[in-house]
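Scroll down for the structure; my scribbles are underneath it.
The values are calculated or read from the model by the stated rules, or taken from the named source; none is laboratory data. Please read these numbers as outputs of a predicted model, since none were measured by experiment. As a convention, Cβ positions derive from the backbone with ideal geometry for all residues, glycine included, and neighbour counts pool all protein chains shown.
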There are 2 protein chains.
Amino acid sequence: MKRIVLLGASGSIGDQVLDIVEDHPDQYVIIGLSVGRRVEKLAAYLRSHDVPYACVQYEEDRKALEVEFPNTVFFSGDEGLKKMSELQCDLFINALVGFAGVVPTLTAIKTGNTIALANKETLVAAGELVNQALQENNVKILPIDSEHSAIFQCIQNAPSSDVKRLIITASGGSFRDRTREELANVTVKDALSHPNWSMGSKITIDSATMMNKGFEVIEAHYLFDLPYTSIDTIMHRESIIHSMVEFKDHSVLAQLGQADMRIPIQVALSHPERLEMQRDNRLDLLKVGTLHFEELSHERYPLLALAYRVGKAKGALPCVMNAANEVAVSRFLKGEISFLDIERIVIGMVDAYENHPITSVDQLIQIDQETREKALLF
Amino acid sequence: MKRIVLLGASGSIGDQVLDIVEDHPDQYVIIGLSVGRRVEKLAAYLRSHDVPYACVQYEEDRKALEVEFPNTVFFSGDEGLKKMSELQCDLFINALVGFAGVVPTLTAIKTGNTIALANKETLVAAGELVNQALQENNVKILPIDSEHSAIFQCIQNAPSSDVKRLIITASGGSFRDRTREELANVTVKDALSHPNWSMGSKITIDSATMMNKGFEVIEAHYLFDLPYTSIDTIMHRESIIHSMVEFKDHSVLAQLGQADMRIPIQVALSHPERLEMQRDNRLDLLKVGTLHFEELSHERYPLLALAYRVGKAKGALPCVMNAANEVAVSRFLKGEISFLDIERIVIGMVDAYENHPITSVDQLIQIDQETREKALLF
């Protein structure tokens, strides 16, 4: 029985983690759960499950829940997330969205918990600090993202010196068939129509700008200990091959599956074993029929090119890029700026920043904060 | 340094094994080599390499070679192949074509040698005896065939209970775009034009009839300890995905690569490690562009359907099917019978045979012999 702490339980990934946990009641038990503002979702879960620990964003929500659920210990806010990350468990699942996921990951590593990671910003903004902490605490990260799960399954126990190249696939996002000129007047609604995946709104916009693929390149660099020159991306419209690993003997392994996050989630939860999937999501290649591969142009997707540049530069820049992007996407979703303004803000703020090394998480938090404030007006 | 014995050195696979050995002189050394009639190839190799043991088909060739190469011990005939299989080595590579490969494999297993297997008939005709011998002698088979190498690389150390289904890919062979009606008058030359692979003539014909894919299904059954209901085939024109494994959690792993046998050969030779490939055979998916998948119809390819039926029946039938097919293909290549006569002979002889269990290799040799004689006249 794996005892699981799940942060970000009310988001798209959190929902699907709970699906997989429900599918295997003899394998998994949730001992801690966090949501942000969607406390009704948390309350609904607590009504049917005994969960010893829970966390919400706001103090007033915490107080209300304590009354209804006297057998659960509640925390709130960032401090509460930190407390959740200090719980001893068999698997700590970080499905938070945004920079808010960084400190909980670092704390869970210090606690010695194995981590299943869906929070991209952990490795994008804080990759160097996280990798150092992993080594110091002898802790492992299991990826949940479909691309990294694919690579993880293909590499298995091979040393990174066996790998010639990772090939991360990209559907191309909502605007893959539009030229850059056609992007000037796209709407939020257009941008949220992802061709293959049903995901949260932040990541759907990041897929349209290809910032998301850039993040994945940086994450892959840290997860699999490979230089950026060994990490390629390719456009693959069908999202059936979730990524590939080319080995030094020119043999290539790929992982395929339906575009259903519950598959990589279950792979991470059950690792190092595999469990029977209880969902109707088998891949039928005869039905798919054809798989296409095209170049993913760095000219067409400048935020992908930026991510390579920023990833190689290291230091503060990845954190700046991430913070600028979070604010820009949020402003776009609110209708304050145009789609192409996202690129303008992110590239502009990275270019305006004088890079320097990062030595502590507090420093990172400060850079994140300052960048956000500037990005609101950039 | 792995000491290698290679049987069938002058065939297509044997040639490419020697390529890979030449590419890694610090890793591999040939200590034994066999050819059939192409003694000139053997002599050429011996002129530039010290090889302690060698074997040829005919006694007169043996005598001539002994004069030129006094430092090599020569054997001849089936008895010679058996002697070669009794040599202690780090890797015994069986690249013989046809039923002649069965006894050497069984002998090498008893010798305790790890076996890299390219000889299909070993598992097709003698799968039950071979598996029993493997268990008794605690010996492992490493597959060389591209399809089984793909499955082997995808499964790695997973237990067979993790596997839901193997998906063996097939290019469709030389006649994939012809209807059964159009097969009546095809020529030997037509049949030898394989769209993707450059291989020996026997296997190229077996690909056109899909007997080869049927053999691979039976081999996969024995290699990976899976029931026939868990082994599927799919038509994949490009021969880029060499086969796939669907796990019970609906995650699918696939192995991809150029249609170059030197890749799976090197994978087998270097197992459990990987070595740098020295050849210009990297896969470029952008150049390939598109991968197609279609149904591989058992009506269109009756020898594939037959292989499933015969594989499930076990006993003597697989040996009968194989022997009938070897003779039929040979007669077709000589222009004695038509392409569709191959199916007629193989299916006819299997249907006419009263099946029974197999208890010894001598019994198998006798059935093989009797079937061949009958197949010449069938």
> Within the stretch A:205-217, is even one residue under 27 Å from A:Asp90 (Cβ atoms) and either of a type outside the set (D, E, K, R) or in a loop (DSSP other than H, G, I, E, B) (or both)?
Replying inline: no
> Within the stretch A:1-73, which strands (runs of 3 or more DSSP E) (wholly inside it) include 1 or more residues that are among the charged types (D, E, K, R) and in contact with a Cys (Cβ under 7 Å, 6 or more places away or on another chain)?
Replying inline: A:2-7
>> So, B:Arg47, is that one surrounded by fewer than 18 Cβ atoms within 10 Å (Cβ to Cβ) and within 20 Å of B:Ile13 (Cβ to Cβ) or not?
In response: no
>> Take the residues in the stretch A:120-136 that are within 18 Å of A:Asp206 (Cα to Cα) and at pLDDT 95 or above; name whichever of them is surrounded by the most Cβ atoms within 10 Å (Cβ to Cβ).
In response: A:Ala125
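What tally of residues in the stretch B:259-282 results from selecting those that are closer than 24 Å to B:Ala95 by Cβ and assigned to a loop (DSSP other than H, G, I, E, B)? Reasoning before the result, please.
Filtering the stretch B:259-282 down to residues closer than 24 Å to B:Ala95 by Cβ leaves B:259-281.
Still in the running and assigned to a loop (DSSP other than H, G, I, E, B): B:259-261, B:271-281.
Final tally of qualifying residues: 14.
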> Could you list, in sequence order, the residues of the stretch B:204-234 that are closer than 20 Å to B:Ser174 by Cβ, crowded, with 23+ Cβ neighbours inside 10 Å and not aromatic (Phe, Trp, Tyr)?
Replying inline: B:Ile205, B:Asp206, B:Ser207, B:Ala208, B:Thr209, B:Met210, B:Met211, B:Asn212, B:Lys213, B:Gly214, B:Glu216, B:Thr233
>> Which count do you get for residues in the stretch B:293-316 that are at the interface with chain A (Cβ under 8 Å from one of its Cβ atoms) and buried (at least 16 other Cβ atoms within 10 Å of the Cβ)?
In response: 2
>> When you scan the stretch B:233-248, do you find a residue that is in a helix (DSSP H, G or I) and facing chain A (nearest Cβ under 10 Å), even just one?
In response: no
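State whether one or more residues within the stretch A:348-356 are in contact (Cβ under 8 Å) with a residue 40 or more places away in the chain, farther than 26 Å from A:Asn131 by Cα and aliphatic (A, V, I, L, M). Give the steps one after another, and end with the answer.
First pass over the stretch A:348-356, keeping only residues in contact (Cβ under 8 Å) with a residue 40 or more places away in the chain: A:350, A:355-356.
Restricting the remaining residues to those that are farther than 26 Å from A:Asn131 by Cα gives none.
Scanning the stretch A:348-356, I find no residue that is in contact (Cβ under 8 Å) with a residue 40 or more places away in the chain, farther than 26 Å from A:Asn131 by Cα and aliphatic (A, V, I, L, M), so the answer is no.
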> Can you tell me which residues in the stretch A:123-168 are within 14 Å of chain B (Cβ to nearest Cβ), over 24 Å from A:Gln266 (Cα atoms) and in contact with a Pro (Cβ under 7 Å, 6 or more places away or on another chain)?
Replying inline: none
> For residues in the stretch A:177-190 being charged (D, E, K, R) and either under 23 Å from A:Ile234 (Cβ atoms) or surrounded by 19 or more Cβ atoms within 10 Å (Cβ to Cβ) (or both), which is farthest from the other protein chains (Cβ to nearest Cβ)?
Replying inline: A:Glu182
> Scanning the stretch A:137-176 for residues that are hydrophobic (A, V, I, L, M, F, W, C) and assigned to a loop (DSSP other than H, G, I, E, B), which turns out surrounded by the fewest Cβ atoms within 10 Å (Cβ to Cβ)?
Replying inline: A:Ala158
> Considering only the stretch B:81-127, how many residues are small (Gly, Ala, Ser) and within 11 Å of the chain's Cα centre (by Cα)?
Replying inline: 5
>> Pairs please, first residue from the stretch A:254-283 and more than 7 Å from chain B (Cβ to nearest Cβ) and under 17 Å from A:Asn196 (Cβ atoms), second anywhere and part of a loop (DSSP other than H, G, I, E, B) and modelled with pLDDT under 95, Cβ atoms under 7 Å, 6+ apart in sequence or on different chains.
In response: A:Ala259/A:Asn196; A:Ala259/A:Trp197
